[in-house]
Every structure is written in structure tokens, then in C-alpha cells.
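For reference, the structure discussed in these notes is given below.
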Amino acid sequence: MTLLAVERIKLFTTRSPWWCALAALAVVIGFAAIISSAAPAGELTDVSLTQFGYGFGMAVIMVLAALSVTTEYRFGTIRTTFQAVPNRTSALLAKTGVVATLSLVVGEVAAFGAWGLASIMRPEDLMLNTTAEWVSVAGVGVVFALASVIAIAVGILIRHSAGAISLVLIYALAVENLIQLIPKIGKNIYDWMPFHVADRFLTGGPAAADAPLNQAGSLAYFAGFALVLLVISLVVANKRDA
């Protein structure tokens, strides 16, 4: 509990987490407002469309998560942390837990805010009547939390803010989509790309009926990817100098 309290204080006494959280909320809710105002009457009937901006909000959250660890390496405060807590794994897991919790909360507020705003602006029935519709909204926070774990792992491995942020943003927003362009095997590889699988978890339903994993399997796969990457980063962090 002490480690969690320390990491919470370190996180919230800097400005970047606040700005990133506000930016993520603005992006997700803002896109919902744009779509709700632009779509012709009677066409916004899919609840998942209210979460159109979640990918951009996730990118902001990943920047927040990467900065939470790379900033400590940049200013050398991570050395103080490791001197106070020789068990590096515990210290880094505490940081991961705090950032993931914040990401979860921001994701849920953003998702339900976007859905609520769209429900007010549109005449269509956007009530959450099915499990798939609940997942498409409530699942956003879960995806944000797991994405933050991935970003923290990358930050631990790279240790430089610019490099870590560039890598997570380029990969999440561009690389996976470009893989589809590989002749013959691109589509098959794309089906197993982690962020595409996370998107499939949120959208689910009949549209993803031909996917190799169902919604539960997609979530487990994305969570497993995040866990494996985190374990690798912790092993590396324990083997090298701070």
C-alpha cells in the first residue's frame, strides 16, 4: 500500500497526467459529438459508433503511461526509487497498477460520456440493451488500462520519452494497418495484431463472426500480450543499471 501511495503522489504531482487525461476525455467525447451532429437522422443506430474516437483517446493514454516511467529515467528519480525499494519489480508493478487504474477510470468516464452525449443528441434508441452493447462502452476502460500497461513496458525497455512515445504511437496508429498490405499473408497476420484484437473485443457482435477469436478470447489475448510485454520489461529492468 505504501508503494501505491508513493506512486500515486508522484503521478498526480506532475502536470502531464492531468493534461493527458483531459485530452483523452475531450477526444473521445468530442468525436461522439461530431458524429452525432453530422450523421443523417436514423443512421446512428449502433452503440459502438459512439466510441469512434476511443482509439485516439487510447493513444493519449499510452503517452501518459509512457511518460510516467520515462520521465523518471530522464531526471534520474528512478535511481532514488530503486534505492528506497531494492525490489525493482515491486516498485514498477506499483507504478503500473496506479497508471492502469487511472487509465481505467479515464476510459470509463470517456466512454460513458461519449455514449451519454450521443444519446442526448440523437433521436435513435441508443440504450444498452445487449451484452455486446455494454461491452462496446464499458470495455473501453479495460482496453485503456491494458494499453497503458503496454506503454509502461515499452517505456521501461526504451527509457527515453521521445523513443517510447514514438514507438507506441506509430505502432498503435499505423503499423498494424500497414501489415494488411503484405501480399497474401497480410490479412492473416493482421487478425492477430494486439490492438486490432482489442478493437474486435469492443466491436464484437455479428460483424466479427468470422474472427479467429470471440470477444472473451480477444480480451484474453490482448491482456496476455500486455502481461508478456510487462514481464519482459521487468526482467530487463532487473538485469541492467538504473
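The values are calculated or read from the model by the stated rules, or taken from the named source; none is laboratory data. Since the structure is predicted, the reported quantities are computational estimates derived from the model, not experimental observations. Don't worry about glycine lacking a Cβ; one is built from the backbone with ideal geometry, like all the others, and counts go over all protein chains shown. These area figures cover heavy atoms from the full protein model, side chains too; ligands, DNA and RNA do not enter into them. Shrake-Rupley method; radii C 1.70, N 1.55, O 1.52, S 1.80 Å.
Details
- Subset of the stretch 123-172 (residues that are β-branched (V, I, T), at pLDDT below 90 and part of a helix (DSSP H, G or I)): T131
- The number of residues in the stretch 172-197 being within 18 Å of the chain's Cα centre (by Cα) and more than 15 Å from F222 (Cα to Cα) comes to 4.
- Matching residues in the stretch 76-93 - criterion: being surrounded by 13 or more Cβ atoms within 10 Å (Cβ to Cβ) and among the hydrophobic types (A, V, I, L, M, F, W, C): I78, F82, V85, A91, L92, L93
- Residues satisfying the stated conditions in the stretch 53-88, i.e. within 14 Å of the chain's Cα centre (by Cα) and either outside any helix (DSSP H, G or I) or free of Cβ contacts under 8 Å to residues at least 40 places away in the same chain (or both): G53, F56
- Applying the criterion of being free of Cβ contacts under 8 Å to residues at least 24 places away in the same chain and of a type outside the set (F, W, Y) to the residues of the stretch 11-38, the residue that is farthest from V109 (Cα to Cα) is A38.
- Scanning the stretch 150-201 for residues that are in contact (Cβ under 8 Å) with a residue 40 or more places away in the chain and under 30 Å from E133 (Cα atoms) yields a count of 12.
- Checking every residue in the stretch 39-57 against the condition of being acidic (D, E), modelled with pLDDT under 95 and open to solvent by 60 Å² or more (accessible area, probe 1.4 Å) gives at least one match.
- Residue check, T101 open to solvent by 70 Å² or more (accessible area, probe 1.4 Å) and modelled with pLDDT of 85 or more: yes
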